[in-house]
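Visitor: Here's a structure for you.
What follows draws every value from the coordinates through simple rules; no lab data is involved. Computed from a prediction, not measured in an experiment: that's the story for all the values here. Note that we place each Cβ from the backbone using ideal geometry, even for glycine, and neighbour counts take in every protein chain shown.
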């Protein structure tokens, strides 16, 4: 899973996602093991991040999301990969919903050798 998390981080980082956080929520969440939370600058950026992540994870790791929500309005795109849920949010939505604080009982992970 660490390789997958690194791949997700790299894909998002290469497309200039902001404030990428990876949380191990396996001990406090029943439906997934990891959250990746990041922000996009605007709706187009959020859509681009989601599209790029879906395309590259499929090519590089053979992973497809089981479910994607919010792609139509792009304030908050949620991509469910079973053991991993990716949240790509506008700055405003991230501030309003405070997922970082809500899931603070999870363990923040450092990705080795980020760019």
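Visitor: Stretched out fully, how many nm does the piece from residue 58 to residue 73 gain, at 0.36 nm a residue minus the Cα gap?
Guide: Computed gain between residue 58 and residue 73 is 3.1 nm.
Visitor: Taking only DSSP H segments of four or more residues, each worth -39500 (n - 2.57), what value at 222 nm results for the chain once the sum is divided by all its residues, to the nearest 500 deg cm²/dmol? If you can, show how the numbers build up before the last one.
Guide: On the way: 4 runs with 43 residues, N = 115.
So the helix-based figure for the chain works out to -11000 deg cm²/dmol.
Visitor: Order these by the 10 Å Cβ neighbour count, fewest first: 97, 81.
Guide: 97, 81
Visitor: At 37 °C and a viscosity of 0.692 mPa s, what translational diffusion coefficient does Stokes-Einstein give for the chain, taking Rh as the Kirkwood radius over Cα pairs? Give it in µm²/s as a whole number.
Guide: In µm²/s, the coefficient rounds to 236.
Visitor: Arranged by the count of other C-beta atoms within 10 angstrom, fewest first, what order do 29, 38 take?
Guide: Starting with the residue having the fewest Cβ neighbours, the order is 29, 38.
Visitor: By the gyration tensor of its Cα atoms, with a ≥ b ≥ c the square roots of the eigenvalues, what is the shape of segment 48-115: rounded for a/c under 1.5, prolate for a/b over b/c, or oblate?
Guide: Cα axes put segment 48-115 in the oblate bin.
Visitor: Highest GNM mean-square fluctuation, the chain, Cα pairs closer than 10 Å: which of 91, 63, 53?
Guide: Largest GNM mean-square fluctuation: 63.
Visitor: A further question on this structure: Hey, what did the chain get for relative contact order, percent, Cα under 8 Å, at least 6 apart?
Guide: Relative contact order of the chain: 31 percent.
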